[in-house]
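Taking it in order: structure first as structure tokens, then the write-up.
The values are calculated or read from the model by the stated rules, or taken from the named source; none is laboratory data. All figures in this text were calculated on a predicted structure; none of them were measured in a lab. As a convention, Cβ positions derive from the backbone with ideal geometry for all residues, glycine included, and neighbour counts pool all protein chains shown.
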Amino acid sequence: MDPVTENLLRDLASSPTDLKRLVIRALWRKDTPVAIEAKAISRWERDDPKRWASVQDWLLSQGITITVLTSRSAMTDDQAQSPPPEPPAADMHG
């Protein structure tokens, strides 16, 4: 393990979040995207924004992309209940 990763993990040990678990998971899944729930990202931004920024920088430096997952329950009521648009009416005069 490189010194940058070791320092990051040491710093995350005192974080009130589960960011250390994310880094460890990313270490095992080298070079593959990491899927993260949008709610988790919001929580990290609120609870420990500095360390979340450090983890983001580390992920990008490792070539690991972040895929943000949004659950259906996170959609607004308008998005969830909007019917699909109606197709245009056929021209009845022709």
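The residue list 51, 43, 10, 25 contains one member that is touching a Ser or Thr at 6+ places or on another chain (Cβ under 6 Å) and in a helix (DSSP H, G or I), which is 51. Pairing each residue of the range 50-64 that is within 13 Å of residue 25 (Cβ to Cβ) with any residue that is of a type outside the set (Lys, Arg) and not in a helix (DSSP H, G or I), provided the two are 6+ apart or on different chains, yields C-beta distances under 6 Å for 64/34. Residues that are in a helix (DSSP H, G or I) and either in contact with a helix residue (DSSP H, G or I) (Cβ under 8 Å, 6 or more places away or on another chain) or surrounded by 12 or more Cβ atoms within 10 Å (Cβ to Cβ) (or both) within the range 13-22 comprise 19, 20, 22, listed in sequence order. Among the candidates 34, 55, the residue that is modelled with pLDDT of 95 or more, hydrophobic (A, V, I, L, M, F, W, C) and surrounded by 13 or more Cβ atoms within 10 Å (Cβ to Cβ) is uniquely 55.
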